[in-house]
Amino acid sequence: MVPGRYVLVGYDGSRGSEEALAWAVEEARLRRLPLKIVHAWHWPYPADYRDEEGSTFLRRAGQHLLDRGVELARARMPGLEIHGRLVNGPAYLALTREARESRLAVVGSHGDGEVPVGSTALRLPARATRPVVVVRGGGAGHRRVVAGVDGSAGGESALAFAFEQAALRGWSLRVVHGCWEPSAASERDLALFAEEEKLVRVAEERLERAVESWRERFPEVEAVVAVPPLPPREALFEEARGADLMVAGNRGTGGFDPLLLGATSGALLEHAPCTVAIVQPGYGQAEDEEAEVEEPD
């Protein structure tokens, strides 16, 4: 498969992974790309206790599970090019490797509550070099993408991915900047926090300028900007209630550790009620990342 020219999805037979599979099938259809389904199996005991018969059994069970995922995908979209790959090792490490040559990766979020610390849904977005979509639920039917933008490189990439998704799916887009964040403001802007109306006006003008070029590139997308006088995390959680997809950078103005998500993106993955996409800086800048948009149904 050509690097960067397929959609990757992790599948383990759970309800969450079946929801992710459904999203990935649709993503591959809209982008006119092949789908690669990956299942990771591993020996759960210390290496000293490994035996060939047990390993063979686990590998065979993993292959059967993967085959089921491929069958489900083919049933959802006959004619779609689908590849299955069985890999050995922890799921987040296997998917991190496989994601390097994908257009984007899709995984499920187990359960309807909080995402457990250490889960693939948290580890993969922190490590992957491609966008990661963590699917939660079947979608509320709002037909809306929300993008969190904070002026960082990750925020700009989130904007690119959000416009792309809105165009692909025929959804509306809200671009949101929670402007009440004095700790991240430059010395020049600190005085604005004494005048809320002026702060909102200045932030809105900046956001409109950031969105302008993307509106020109995707004129079919109905995009509006929102600058609530709230902290970024609070603003995005408010918006998530009316979204089917929330898009954020993998770390904002305060992220330094390459193996850790930013505070806001991590909180969204753990608690947001909708599907969340985490996008790395640089997305949308290469020509080969231009979306192939199919007219929405």
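The values are calculated or read from the model by the stated rules, or taken from the named source; none is laboratory data. Here the structure is a predicted model, which is why all the values come from computation and not from measurement. Heads up, the Cβs are rebuilt from the backbone with ideal geometry, glycines too, and the neighbour counts pull from every protein chain shown. The accessibility values were calculated without ligands, DNA or RNA, using every heavy atom of the protein model including side chains. Shrake-Rupley method; radii C 1.70, N 1.55, O 1.52, S 1.80 Å.
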Handout entry: First in segment 47-62 and closer than 19 Å to PRO90 by Cβ and open to solvent by 100 Å² or more (accessible area, probe 1.4 Å), second anywhere and modelled with pLDDT of 90 or more and not in a helix (DSSP H, G or I), Cβ under 8 Å, 6 or more apart
Key = ARG59/TRP41; ARG59/LEU86; ARG59/ASN88
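For every residue, the table says whether it meets (1) basic (Lys, Arg); (2) in a loop (DSSP other than H, G, I, E, B); (3) at pLDDT below 90.
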site: PRO3; (1), (2), (3): no, yes, yes
site: ASP12; (1), (2), (3): no, yes, no
site: GLU18; (1), (2), (3): no, no, no
site: LYS36; (1), (2), (3): yes, no, no
site: GLU53; (1), (2), (3): no, no, yes
site: LEU66; (1), (2), (3): no, no, no
site: VAL70; (1), (2), (3): no, no, no
site: LEU86; (1), (2), (3): no, no, no
site: THR96; (1), (2), (3): no, no, no
Exercise for the section: Would you tally the residues in segment 204-234 being among the aliphatic types (A, V, I, L, M), touching a helix residue (DSSP H, G or I) at 6+ places or on another chain (Cβ under 8 Å), open to solvent by less than 30 Å² (accessible area, probe 1.4 Å) and part of a helix (DSSP H, G or I)? Expected result: 1
Practice task
Within segment 6-55, work out how many residues are under 17 Å from the mean Cα position of the chain (by Cα) and of a type in the set (D, E, K, R).
Solution key: 6
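Could you run through segment 20-34 and say how many residues are assigned to a loop (DSSP other than H, G, I, E, B) and more than 17 Å from GLY170 (Cα to Cα)?
2
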Exercise for the section: Could you pull out the residue among ALA75, ALA91 that is at pLDDT 95 or above, open to solvent by 30 Å² or more (accessible area, probe 1.4 Å) and out of contact with any Leu (no Cβ under 6 Å at 6 or more places or on another chain)? Expected result: ALA75
Practice task
Output the number of residues of segment 125-165 satisfying the condition of being of a type outside the set (Ser, Thr, Tyr) and not in a loop (DSSP other than H, G, I, E, B).
Solution key: 24
Exercise for the section: State whether the residues of segment 256-265 include one that is more than 14 Å from VAL133 (Cα to Cα), modelled with pLDDT of 90 or more and either of a type in the set (Asp, Glu) or open to solvent by 10 Å² or more (accessible area, probe 1.4 Å) (or both). Expected result: no
